[in-house]
Amino acid sequence: MYIFIVNLMAGHGRGRRIFNKIQNSKLYQELQSSYYVTEYEGHAENIAQQLSKQNLVNLQAIIVIGGDGTLHEVMNGIQDLSLPVAFIPGGSGNDFARGLSIKVNPVEILQDIVKGNYSKAYWLGSYSVDDSARRVFVNSIGFGFDAEIAKKANQSWYKKFLNIFHIGMISYVIALIHVLFRFKPFTLELEVNGEAQTIHNCWMVTIANHAYYGGGMKIIPSATIQPSRFPVLVVQQISKWKILALFMTVFTGKHTSFKEVDLLEATKIKITTDKTIEFQVDGQTSQCKSCTITKDIPPIQILGASS
Ligand SMILES: Nc1ncnc2c1ncn2[C@@H]1O[C@H](COP(=O)(O)OP(=O)(O)OP(=O)(O)O)[C@@H](O)[C@H]1O
């Protein structure tokens with residue numbers, strides 16, 4: 001028995017097109033399955049929460065169709081992480097699929113899931129902002145400049161418009177230019193594995209479970225899927241022109257050689273700031289003054305992931 005959780009609105013209607021293709025396939029028609037369609041923000045999380053409370057003995061996998069935001073919600077809703085999960089990308093960014101080398105063709109992914117061709121252990125990160133209840137993140141969590149760009153792009157009219165032509169990435173470039181001229185760096189207390197340091201003139205701090213973010217940027221090229229540790233990228237003391245150059249090289253991963261970029265390895269991170277800052281988690285943005293980040297939950301099995 002397979003249960004699909006589907007965000008038809010993901011990727012400006014791509015979720016709907018993908019689900020139509022799946023439903024029209026012979027494979028799907030022969031499967032024992034049921035599906036839930038999300039109707040509002042947070043709905044995927046509620047559905048997953050309800051499912052994990054039920055005794056679903058025959059459940060082979062929860063299959064998520066949507067973007068990384070939908071997957072984030074499902075992962076947060078699943079109480080019992082021993083439930084296998086599969087992901088068929090239907091969003092605009094699809095960084096999780098990229099990070100796990102999930103195929104592009106939705107029916108082929110379904111074939112891989114059903115045949116049990118690929119299954120991969122995946123370690124989610126967990127975070128708590130301003131001492132609130134812990135949540136998990138799938139791809140990355142980032143503070144400062146990149147989060148402001150994500151917020152600006154998410155709120156813009158042009159992201160929706162550009163997504164129609166599958167060039168949503170350009171919305172991040174436009175947002176970058178907007179944010180660049182008004183962004184004010186901040187002071188950050190960064191505690192890595194119990195050792196604290198103060199970072200003045202900090203632009204951004206990003207922690208990632210795999211290399212990709214923002215729809216294909218290789219933010220931390222060396223990030224590998226692994227238990228307990230994650231890389232931390234810190235950008236500080238950088239000029240506005242140089243940060244432009246940094247984002248131009250982020251697709252190739254060359255930005256990590258800039259002297260203003262530090263790469264650390266951590267098992268536990270705590271950040272505290274002198275003012276409220278923007279943060280992004282799996283592409284969705286909010287604000288905080290402090291956050292602790294760890295990677296201490298058992299792995300979840302991802303079906304249909306080939307890397
Ligand atoms: N029916 C719905 N109407 C409006 N919003 C919804 C609906 N269902 C889910 N959502 C919300 O849409 C948001 C964005 O979805 P998602 O991230 O899956 O797609 P995306 O933004 O197109 O993809 P990506 O994150 O890969 O760029 C999620 O935060 C989710 O809560």
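For a straight C-alpha distance cut-off of 17 angstrom, the lysines reachable from residue 254 (same-chain residues fewer than eight places away being disregarded) are 218, 242. Residues whose amide H comes within less than 5 Å of that of residue 5, counting only those at least five positions distant or on another chain, are 36, 63, 64, 65 (H built at 1.01 Å from N in the peptide plane). Counting neighbouring Cβ atoms within 10 Å and putting the fewest first, the residues 135, 182 line up as 182, 135.
In summary, the lysines within cross-link reach of residue 159, defined as a Cα separation below 16 angstrom excluding same-chain residues under 8 places away, comprise 151. Taken about its Cα centre, region 126-294 carries a charge dipole of roughly 480 debye when the Cβ of each Lys and Arg holds +1 and the Cβ of each Asp and Glu holds -1.
What is the dipole size for region 2-117, taken about its Cα centre, with +1 at each Lys and Arg Cβ and -1 at each Asp and Glu Cβ, in debye to the nearest 20? Can you show the working numbers first?
Details: 9 positive and 10 negative charges, 84 e Å.
My answer is approximately 400 debye.
With R₀ set to 22 Å, the beta-carbon distance separating residue 39 from residue 286 gives a calculated FRET efficiency near 0.50. A protection proxy built from the mean count of other Cβ atoms within 10 Å ranks the segments 160-168, 77-85, 24-32, 137-145, most packed first, as 137-145, 77-85, 160-168, 24-32.
Couplings 3J(HN,Hα) for region 268-279, derived from phi with the Karplus relation 6.51 cos²θ - 1.76 cosθ + 1.60 (θ = phi - 60°), are 9, 10, 10, 10, 9, 10, 7, 8, 5, 10, 7, 9 Hz, where x marks Gly and Pro. By the count of other C-beta atoms within 10 Å, a proxy for reagent exposure, 129, 57, 261, 104 are ordered fewest to most as 57, 104, 261, 129. If you count Lys pairs in region 256-295 whose Cα atoms are under 23 Å apart, skipping same-chain pairs closer than 8 places in sequence, the total is 5.
Overall shape: oblate for region 115-249, with the ratio a/c of the largest to smallest alpha carbon gyration tensor axis at 1.5 or above and b/c at least equal to a/b.
In region 126-294, Cα pairs under 8 Å separated by at least six residues give a relative contact order of 31 percent. Residues within the reach of a label modelled at residue 119 (point 7 angstrom out along Cα to beta-carbon, backbone nitrogen below 11 Å), restricted to region 53-76, are 60-61.
Might you report the magnitude of the Cβ-based charge dipole of the chain about its Cα centre, with Lys and Arg at +1 and Asp and Glu at -1, to the nearest 20 debye?
Working: 29 positive and 24 negative charges, 164 e Å.
That gives a dipole near 780 debye.
Contact order, relative form, for the chain: 23 percent (alpha carbon pairs under 8 Å, 6 or more residues apart, mean separation divided by residue count).
For region 200-307, which chymotrypsin sites (Phe, Trp or Tyr not before Pro) are both in a DSSP coil and crowded by at most 15 other Cβ atoms within 10 Å? Walk me through the numbers before you get to the answer.
Numbers: sites: 203, 212, 213, 241, 247, 251, 258, 279; in loops: 251, 258.
Sparse-neighbourhood loop chymotrypsin sites (Phe, Trp or Tyr not before Pro): 251, 258.
Computed from the coordinates by the stated procedures, all read-outs in this text should not be read as laboratory data. Note that this is a predicted model, so its numbers are computed, not measured. Cβ atoms come from the backbone with ideal geometry, glycine included; neighbour counts cover every protein chain shown.
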